[in-house]
Amino acid sequence: MLTKFGLASICGYQTVWGVTPALHSPLMSVTNAISGLTAVGGIVLAGGGVLPSNAAQGLAALAVVASAVNIGGGFTITQRMLDMFKRPDDPIEHNNLYAIPGAALLAGWAVGRALGIDEVTSATYLVSSALCIAAIACLSKQESARTGNALGLIGVTGGVAATLGGLQADPATYAQIIASLGAGGFVGNQIASRINITDLPQMVAAYHSLVGLAAAVTSIANIMILADAGHDMDGVHMVTAFLGDIIGAITLTGSAVAFGKLQGILDSKPLNLPGKNVINLGLLGAVLACGGLFLTTPDPGFGVNMLWATAALGGVLGAHLTASIGGADMPVVITLLNSYSGYALCAEGFMLNNDLITTVGALIGSSGAILSYIMCKAMNRSLLNVIFGGYGTSTGGKAAVVTGTHQEVSVPEAADALTTASKVLIVPGYGLAVANAQHSIAELTKMLKKKDIEVEFGIHPVAGRMPGQLNVLLAEAGVPYDVVFEMDEVNEHMDKYDVVVVMGANDTVNSSALEDPNSVIAGMPVIEVWKAKQVIFCKRSMGVGYAGADNPVFYKPNTWMLLGDAKATTDHLKAKLQEVLHV
């Protein structure tokens with residue numbers, strides 16, 4: 001089992017590095033869907049007939065429903081996002097034909113079972129795992145991304161079907177499981193079909209919480225069932241049950257708090273309780289003490305109680321850790337929770353000795369860890385600093401005082417600058433997402449292109465509240481993905497742009513990151529907009545960004561400030577361009 005875990009982790013490492021940054025949001029949602037294989041644990045432990053007959057079976061049914069919501073919602077929202085990246089001249093796709101090899105996979109399993117080949121379930125699990133790996137690998141480019149979503153769906157369906165077929169339960173229990181899967185899948189599909197794309201980060205966070213819930217209750221239910229039956233439990237079984245419980249609980253509450261911050265239910269500012277890290281260490285110590293008691297007690301009932309206590313303490317720890325992180329750090333938090341959900345699934349796989357969920361859990365865990373590393377690198381911060389510290393680290397010196405007089409520009413003047421340019425770069429930030437201005441900026445882009453003005457977009461890796469969020473928003477508005485570039489790509493030839501329009505961004509275009517070694521964002525890679533011929537900032541005010549660093553670019557001689565709401569400003573600018581260009 002450890003060998004499979006290691007190989008799957010390596011596969012996850014290799015495939016995620018190959019995913020294009022523009023598809024990081026679909027990557028998050030498809031791994032969310034795949035992590036719904038926590039349903040396998042609930043299916044294995046299900047019982048009682050049409051309805052569960054005891055607490056353990058009730059927890060198993062809850063795990064199945066929660067996992068099915070993830071599966072139905074995850075694949076639906078992934079398909080919605082990937083369809084937005086389609087261009088009018090893209091060839092017609094027939095991804096529905098992948099149902100044929102999917103049916104062949106299930107037919108092969110059925111034939112193997114009919115012939116009495118015991119290894120057929122393991123073989124089906126192997127194929128399902130490979131399909132889940134292929135789903136991520138296909139996100140390496142736009143042309144194959146939708147194929148990847150289809151392969152992932154086949155992989156998850158094959159794994160769940162093989163588990164159901166090998167269950168040997170009574171018809172009433174099968175009815176319970178299928179009803180739970182159907183109800184959860186339907187709810188997930190409906191939520192994902194109706195949600196606004198601007199709400200994608202909080203939806204992903206909510207789905208992470210369901211994976212954590214499923215992993216935690218499955219771990220507890222498994223121990224409850226074994227304790228009631230009087231079975232002895234080996235060390236590996238007990239340790240992995242404890243790990244699945246604690247990781248699942250942290251994922252559940254941490255994701256719930258992240259959802260609250262992103263949805264605006266909770267304050268996005270970090271919760272800075274006195275001695276917050278002492279609180280975290282105290283909670284961790286209490287969790288480990290409960291784990292020690294669970295692993296050493298001869299009393300099964302007391303052991304179950306210790307798992308419940310572990311879940312409660314882990315839940316408080318997860319909520320406090322996430323509440324102590326500010327809203328602008330959500331890209332890292334979301335990817336980290338994605339990694340947690342994978343390792344919770346992996347622990348469940350070890351506990352149940354199940355190859356499929358061990359492999360897929362390792363795949364998702366490593367992919368989330370790699371994305372977290374990418375996000376931290378883009379902010380020049382360590383993961384520990386994000387989790388336990390504030391934005392930036394003290395250098396021992398005082399940041400340089402930014403002085404100067406800014407220049408403001410009117411909408412007609414900004415329109416004139418755009419219409420006289422030959423090459424324009426638009427740099428969107430989280431302010432564009434908040435103002436829901438992506439459609440206005442897309443229409444403005446079309447107007448400029450009709451007059452043979454070249455327009456490109458530059459995206460910072462941590463712009464938005466989850467990886468790739470702004471790429472998805474632009475795709476939703478109809479901006480072709482082949483004019484959207486990453487930070488390094490636009491920085492290489494920044495001096496070639498006649499005008500750069502910064503729309504709702506601040507820290508990601510702050511020159512003090514490179515010019516002031518004492519700045520709180522010193523060393524953070526940024527889009528070097530000040531090197532263009534002219535810069536127009538569209539933002540609400542002259543205020544600082546989340547990091548609290550003054551932006552010297554505001555006062556550079558080639559910078560002009562167009563102050564106001566991003567959508568209102570863009571709408572006014574669009575109207576003026578229509579008047580000037582007669583389009």
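Numerical summary
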| quantity | calculated |
| --- | --- |
| Rg to Rh, two decimals, where the stretch 309-391 supplies the alpha carbon set and Rh follows Kirkwood | 1.04 |
| Net charge, P525 excluded, C-beta distance under 12 Å - Lys, Arg +1, Asp, Glu -1 | -2 |
| Per residue solvent-accessible surface (Å²) - the chain, probe of 1.4 Å | 38 Å² |
| Largest-first principal axis extents, alpha carbons of the stretch 75-229, Å | 59, 38, 25 |
| Projected label distance in nm at V580 and D482, using a 7 Å step from Cα toward the beta-carbon | 2.8 nm |
| Where trypsin sites (Lys or Arg not before Pro) fall in DSSP loop in the stretch 403-500, at most 14 other Cβ within 10 Å | K451 |
| Theoretical gain in end-to-end length, K449 to N436 [0.36 nm per residue, Cα-Cα removed] | 2.5 nm |
| q = 0.16, 0.18 Å⁻¹: log10 I(q)/I(0) that the Debye formula gives for the stretch 199-247, counting C-alpha atoms only | -0.52, -0.60 |
| Efficiency of FRET between A229 and A99 - r from beta-carbon atoms, R0 41 angstrom, step 0.05 | 0.50 |
| Kirkwood Rh in Å, taken over the chain so that all alpha-carbon pairs contribute | 25.1 Å |
| Label zone at I279 (point 7 Å along Cα-to-Cβ), backbone N below 17 Å, the stretch 224-257 | 250, 253-257 |
| Rg and Dmax of the stretch 483-583, Cα atoms only, in Å | 14.4, 49 |
| Unit charges at the beta carbon, dipole of the chain: most positive-side option, A8, M28, G468 | G468 |
| Rounded, prolate or oblate (a/c below 1.5 giving rounded, otherwise prolate when a/b exceeds b/c) for the stretch 174-270 by Cα gyration tensor | oblate |
| Partners for K261 among lysines (Cα-Cα distance below 29 Å; same-chain residues under 8 apart left out) | K269, K276, K377, K539, K567 |
| Of the trypsin sites (Lys or Arg not before Pro) in the stretch 132-204, those whose Cβ has at most 16 other Cβ within 10 Å and which sit in DSSP loop | K141 |
| Cα-based helix-to-principal-axis angle, 99-114 vs the chain, degrees rounded to 10 | 20 degrees |
| The stretch 279-437, dipole about Cα centre (Lys/Arg Cβ +1, Asp/Glu Cβ -1), debye to the nearest 20 | 340 debye |
| Linear extension gain, A175 paired with N353, 0.36 nm per residue minus alpha-carbon span | 61.6 nm |
| About the Cα centre, charge dipole magnitude for the chain (Lys/Arg +1, Asp/Glu -1 at Cβ), debye | 640 debye |
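The values are calculated or read from the model by the stated rules, or taken from the named source; none is laboratory data. It should be emphasised that the depicted structure is a prediction, and the values quoted were computed from it without experimental measurement. Note: ideal-geometry Cβ built from the backbone for every residue, glycine included; neighbour counts use all protein chains shown. We work out accessible area using only protein heavy atoms, side chains counted, and drop any ligands, DNA or RNA first. Shrake-Rupley method; radii C 1.70, N 1.55, O 1.52, S 1.80 Å.
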